[in-house]
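Here's the structure, in structure tokens; my notes come after.
The values are calculated or read from the model by the stated rules, or taken from the named source; none is laboratory data. The structure presented is a predicted model; accordingly, all values stated were derived computationally and were not measured. Positions of Cβ are generated from backbone atoms using ideal geometry, with glycine treated the same way; all protein chains shown enter the neighbour counts.
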Amino acid sequence: MNKSITIEIAGAVVALVIISLITWLFLALSKRRRIRRAASTTSESPSEQATANSLDSTGLATESSILLQKGPEQKWEVADFLLQTEPLGAIPGTGAERELIVASALALTRYIESAKTQETMWPAVLTRYQQEFATPEVLELIGLEESAEGYAARISYHQKKYTILLGEAEPVALASAPFSVELRDFLARNSGKQVYVLVIDGIAYSAIALELIE
């Protein structure tokens with residue numbers, strides 16, 4: 001009985017020794033492989049490194065060439081402009097100061113110009129609104145969102161909050177009060193042009209029509 005237990009213990013010890021040796025060999029081989037890989041990377045010839053660098057440079061040059069091979073920049077001009085401080089007539093509470101209208105349009109247009117780098121009409125829009133007021137107040141946009149209607153945000157003007165929206169006429173019409181007679185006439189005579197309408201608290205106060213210069 002004791003002899004059999006001794007044999008089992010001896011067998012277990014031999015097995016542990018064999019497993020330990022196998023593990024040590026595996027770790028040693030892995031270490032050697034890592035050393036060889038590091039050595040081969042370090043001993044890479046200067047010509048090989050130069051070739052790799054030239055390939056990278058070629059890749060970058062190719063990408064730059066693609067970026068530069070864009071078509072000619074499109075130029076836009078303002079074809080028509082409308083700004084109404086009282087688009088709904090003398091109805092109390094429906095008017096807006098010219099400075100508020102212009103500052104709202106500039107705040108949204110500046111944001112769109114910086115976000116939509118591929119669209120080239122926004123400098124023309126900025127320039128036209130800047131002509132309407134010498135130094136309009138700079139408004140901070142709060143919670144700005146882009147939707148199917150256009151660009152909308154909250155602003156604070158003289159300690160009062162407003163919701164402003166700038167977008168193309170057709171979707172904006174669905175998100176505002178009925179357009180004034182003057183604005184409807186404006187849209188009719190500018191049919192086929194790129195038209196944007198500015199809305200403040202649900203009322204359209206301004207519109208700008210753009211056309212592409214050939």
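The table below gives the values:
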| item | result |
| --- | --- |
| Residue list for the range 111-136, filter: more than 18 Å from Q194 (Cα to Cα) and crowded, with 16+ Cβ neighbours inside 10 Å | Y111, E132, F133, P136 |
| Odd one out for Q84 among (1) of a type in the set (S, T, N, Q); (2) over 25 Å from the mean Cα position of the chain (by Cα); (3) closer than 18 Å to K160 by Cβ | (3) |
| Strands (runs of 3 or more DSSP E) (entirely within the range 73-189) containing at least 1 residues that are modelled with pLDDT of 95 or more and acidic (D, E) | 75-83, 160-168 |
| Positions within the range 160-181 being within 23 Å of G93 (Cα to Cα) and exposed (fewer than 14 other Cβ atoms within 10 Å of the Cβ), in sequence order | K160, K161, L174, P178, V181 |
| Test: residue in the range 163-184 that is of a type in the set (F, W, Y), farther than 21 Å from L106 by Cα and in the same structural domain as G95 (by TED's automatic domain parsing) | yes |
